[in-house]
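The block underneath contains the structure these notes are about, expressed in C-alpha cells.
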Amino acid sequence: MGLKEIEDRFSVGVYQKRDLVIVRGEGARVWDDAGREYVDCVAGIGVANVGHCHPVVVAAIQAQAARLITCNELFYNDARGRCLEQLDRITPEGINRFFLCNSGTEAVEGAIKFARMATGRKRVVAAMRGYHGKTLGSLSATWERKYKEPFAPLVPDFSHVPYNHTAEFTAAIDDHTAAVILEPVQGEGGVRPATAEFLQAVRKACDDRGALLIIDEIQTGFGRTGRMFACEHFGVLPDIITMAKGIAGGVPMGAIGIDHRVGEIEKQSHTSTFGGNPLACAAAVAAIDALVDQELPRRAAETGAYFMECLRKMQSPRIREIRGLGLMIGVELKDKAGPVAQALMQAGVLVLLAGTTVLRFLPPLVITREQVDHVVAILATVLAAGPRAVAE
Ligand SMILES: Cc1ncc(COP(=O)(O)O)c(C=O)c1O
C-alpha cells in the first residue's frame with residue numbers, strides 16, 4: 001500500500017484530506033514526497049510560527065530527548081520551571097500562574113472549569129462564529145451547529161451572541177455569568193478581528209457583573225497578529241488566557257494562564273498525565289526565545305501589512321473583502337474558496353479555508369517578502385483563471 005492508502009485505510013477518516021504527502025519543512029517552506037517545494041501558509045494550522053524545524057527548537061528537543069522525555073507534575077522539573085518563567089515573561093500583565101496541557105481544546109476545557117470554580121457560577125457567554133475546539137466542553141463554546149448537533153446534549157448553560165455587537169453582547173452578561181469566552185480575531189469563523197470598542201465594553205461588563213473574561217489566544221497568540229498576544233492591540237487584559245498552537249515550535253502543547261481574580265485552584269481539580277512534560281516544555285522555551293530574539297511579532301506586523309497591501313493592489317473582481325491582523329489574513333471571495341485552495345496547491349502554495357468562501361493565510365512569521373510576492377502572484381494567476389478553471 002502507498003502512504004496515502006495506508007492513512008485512508010487505517011485512520012477513522014474524520015479529516016478532509018488534501019492529496020499531498022508532506023515529508024519535510026524548513027522556515028516557511030515544506031516539501032512533498034516527490035521533492036516538490038511549497039510555500040506554506042498553513043503552518044500546521046497556525047502552529048509553526050517560528051518556522052518549520054527552527055534550529056534552536058530542534059536542538060532543544062534533541063538535547064531534552066536525550067536527557068528526560070517524561071516527568072509528570074507529581075515531581076518538579078527543570079525544563080518545566082524554565083517554561084513557566086518564560087510564559088510569565090511574555091503573557092499579558094496580571095497573568096502569572098499557568099496550567100500546562102497538550103492542545104488547544106484541553107486549554108479551553110480547563111479555562112471553563114477554572115472560571116466556574118472561581119465564580120461559583122455556571123453560565124458561559126460565547127460568540128456566534130466563535131471556535132474553541134471540539135471536545136465536549138469547548139465544543140459547547142464553539143458556534144458551528146454542524147460540529148455540535150450530532151453530539152448533543154452538550155454542556156448546559158452556554159449561550160452565543162453576535163460578535164462585535166456590543167449592546168447585545170454586553171446585555172447577555174449578567175450576575176449568573178461565570179465567564180465570557182472570546183477570540184480577539186475569530187479564526188475558523190472567517191478571520192474577523194474584534195473592534196477595540198467591543199472588547200473594551202465586554203471587559204467592562206465582566207468587571208461590573210463579576211464575570212471572568214477568557215481570551216482565547218490559541219490561534220492569535222505567540223506573535224501571529226503582530227503583537228505577542230492579540231489582546232495587546234485592544235488594550236484589554238484577560239482574567240484567563242488560553243494558548244496552544246505556536247507555543248512550542250510545533251510540539252503539541254497547550255497552556256492556561258490565570259490572573260489573581262481566579263483565586264486558588266483546588267488540588268486535583270484538573271490534571272493531565274502529559275501536561276508540563278519536559279520535552280514540550282524545552283521546545284516551548286526555545287520557541288519563545290526565538291520569537292523574542294528574532295522579534296517575530298514585529299516582523300509579523302510588518303510582513304502582514306505588506307501582504308495585505310499586495311492583496312489589496314491585486315484588485316481581483318472575485319475578492320469580496322480582505323481582513324486580518326498581522327500574519328492572520330483572510331481573503332473572502334465572492335464564490336467558493338475550496339477550488340481556489342486546490343489550484344493554489346497545484347501551483348505550489350498551501351492555504352487554509354475558513355468557511356466556504358474565505359481563504360485563510362497563517363504562514364510562519366519568518367515568511368519573507370519574496371515568498372509573500374510569490375504567494376500573491378500565484379493567487380492573482382489562479383483568480384484570473386476564473387472559477388471554472390479548476391475542478392471542484
Ligand atoms: C481559537 C481556537 N481555540 C481553540 C482551538 C482548538 O485547538 P486544538 O485544535 O489544538 O484542540 C483552536 C483550533 O483551531 C482555535 O483556533
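Being outside any loop (DSSP other than H, G, I, E, B), in contact (Cβ under 8 Å) with a residue 12 or more places away in the chain and open to solvent by 10 Å² or more (accessible area, probe 1.4 Å) is true for just one of A341, A301. Which residue is that?
Working: A341 fails: open to solvent by 10 Å² or more (accessible area, probe 1.4 Å).
Only one candidate passes the filter, namely A301.
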Long-range neighbours under 7 Å by Cβ, at least six apart or interchain, first residue among the hydroxyl-bearing types (S, T, Y) within segment 350-369, second open to solvent by less than 20 Å² (accessible area, probe 1.4 Å): T356/A337; T357/L333; T357/A337
Please specify each residue of segment 379-389 satisfying the condition of being buried (at least 18 other Cβ atoms within 10 Å of the Cβ) and more than 24 Å from the chain's Cα centre (by Cα). V382, L383
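Name every residue in segment 62-76 that is in contact (Cβ under 8 Å) with a residue 12 or more places away in the chain and hydrophobic (A, V, I, L, M, F, W, C), in order of residue number. So that I can check it myself, show each step before the final result.
Our first condition is that a residue be in contact (Cβ under 8 Å) with a residue 12 or more places away in the chain; within segment 62-76, this holds for 63-65, 67-73.
Correct list: A63, A65, L68, I69, C71.
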Restricting to segment 260-286, name every residue that is open to solvent by 10 Å² or more (accessible area, probe 1.4 Å) and under 22 Å from P184 (Cα atoms). H260, R261
Within segment 344-370, which residues are surrounded by 21 or more Cβ atoms within 10 Å (Cβ to Cβ) and either in a helix (DSSP H, G or I) or out of contact with any helix residue (DSSP H, G or I) (no Cβ under 8 Å at 6 or more places or on another chain) (or both)? L344, A354, V358, R360
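So for segment 132-144 (the condition being at pLDDT 95 or above and more than 15 Å from the ligand (Cβ to nearest atom)), does at least one residue qualify? I'd like the intermediate steps shown before the answer.
Within segment 132-144, the subset at pLDDT 95 or above is 132-144.
Still in the running and more than 15 Å from the ligand (Cβ to nearest atom): none.
No, there is no match, as no residue in segment 132-144 is at pLDDT 95 or above and more than 15 Å from the ligand (Cβ to nearest atom).
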Out of all the residues in segment 59-102, which are within 16 Å of the ligand (Cβ to nearest atom) and either open to solvent by 40 Å² or more (accessible area, probe 1.4 Å) or in contact with a Pro (Cβ under 6 Å, 6 or more places away or on another chain) (or both)? N102
Would you confirm whether or not segment 206-226 contains a residue that is away from the ligand (no atom under 16 Å from the Cβ) and under 26 Å from E295 (Cα atoms)? yes
Of all residues in segment 227-252, count the ones that are within 12 Å of the ligand (Cβ to nearest atom), assigned to a strand (DSSP E or B) and touching a helix residue (DSSP H, G or I) at 6+ places or on another chain (Cβ under 7 Å). 2
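Collect the residues in segment 4-58 that are among the small types (G, A, S) and either surrounded by fewer than 19 Cβ atoms within 10 Å (Cβ to Cβ) or in contact (Cβ under 8 Å) with a residue 40 or more places away in the chain (or both), keeping them in residue-number order. Quick ask: steps written out before the conclusion?
Our first condition is that a residue be among the small types (G, A, S); within segment 4-58, this holds for 11, 13, 25, 27-28, 34-35, 43-44, 46, 48, 51.
Matches in segment 4-58: S11, G13, G27, A28, A34, G35, A43, G44, G46, A48, G51.
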All conditions in (1) under 30 Å from D88 (Cβ atoms); (2) under 19 Å from the mean Cα position of the chain (by Cα) are true of V331 except (1)
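The values are calculated or read from the model by the stated rules, or taken from the named source; none is laboratory data. All of these numbers come straight from a predicted model, not from anything done at the bench. Note that each Cβ is placed from the backbone with ideal geometry, even for glycine, and that neighbours are counted across all protein chains shown. With ligands, DNA and RNA removed, areas are computed over all heavy atoms of the protein, side chains included. Shrake-Rupley method; radii C 1.70, N 1.55, O 1.52, S 1.80 Å.
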